[in-house]
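To keep things clear, I will list the structure first and then write my remarks on it.
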Amino acid sequence: NTNEDRLLNKKPKSISILQIERGTNFITWSNFYDICNQLKRDPEHISKYFLTELDVTGSLSKNFIIKSIVSPKYIENILVKYINTYVKCSLCKNLDTIINKNDRLNIFHCNICGSEKTVEEIKKVYHIIRKGDRKSKRIL
């Protein structure tokens, strides 16, 4: 098969519906590892992205636990943003891609069209200032 044949015969991949349960001050994402496998990405990479985007703490065990109350729709929006940045090929729009670490660069490679690009490391861009943070920084 040539790349052109694979492009024509490849159907878009669908992602499972997120299974998120709310606790008192946390959420549990029970099918997190299934989503990571579908996207062919390391759970550590995806969890780091989510925790950085939400500016919260969390843990990976049997499930992904995020220590904050956020809506499932907001989690879904962050997942879409992650997919557009780190999974979906910008040329052929396919999800059959991989990221290889090469020295200090992350090289994004599409298995369908063969395109490559560098993608940025996950880093904190901003800090959400919460009400408690403002109170603690006030000068009396």
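The values are calculated or read from the model by the stated rules, or taken from the named source; none is laboratory data. Predicted model, so just to flag it, every value in this text is computed and none were measured. In this analysis, Cβ positions are derived from the backbone assuming ideal geometry, glycine residues included, and neighbour counts consider all displayed protein chains. Surface areas here come from the heavy atoms of the whole protein model, side chains and all, with no ligands, DNA or RNA. Shrake-Rupley method; radii C 1.70, N 1.55, O 1.52, S 1.80 Å.
Suppose the chain between residue 42 and residue 80 were pulled fully straight at 0.36 nm per residue; how much longer would it get relative to their current alpha carbon spacing? 12.0 nm is the gain from fully extending residue 42 to residue 80. Only sites in a loop by DSSP and with at most 13 other Cβ atoms within 10 Å count here; which trypsin sites (Lys or Arg not before Pro) in the range 73-112 make the cut? Those that pass, being in a loop and sparsely packed, are 93, 104.
Ignoring any ligand, DNA or RNA, what whole percent of the accessible area of the range 14-76 comes from carbon and sulfur when the probe is 1.4 angstrom? It is 51 percent, rounded to a whole number. Go through 67/101; 73/101; 48/101; 48/93 and tell me which ones have a Cα-Cα distance over 26 Å in this structure. Going by Cα-Cα distance, 67/101; 73/101 fall outside the 26 Å limit. Averaged per residue, the range 18-133 has 57 square angstrom of accessible surface, using a 1.4 angstrom probe with ligands and nucleic acids left out.
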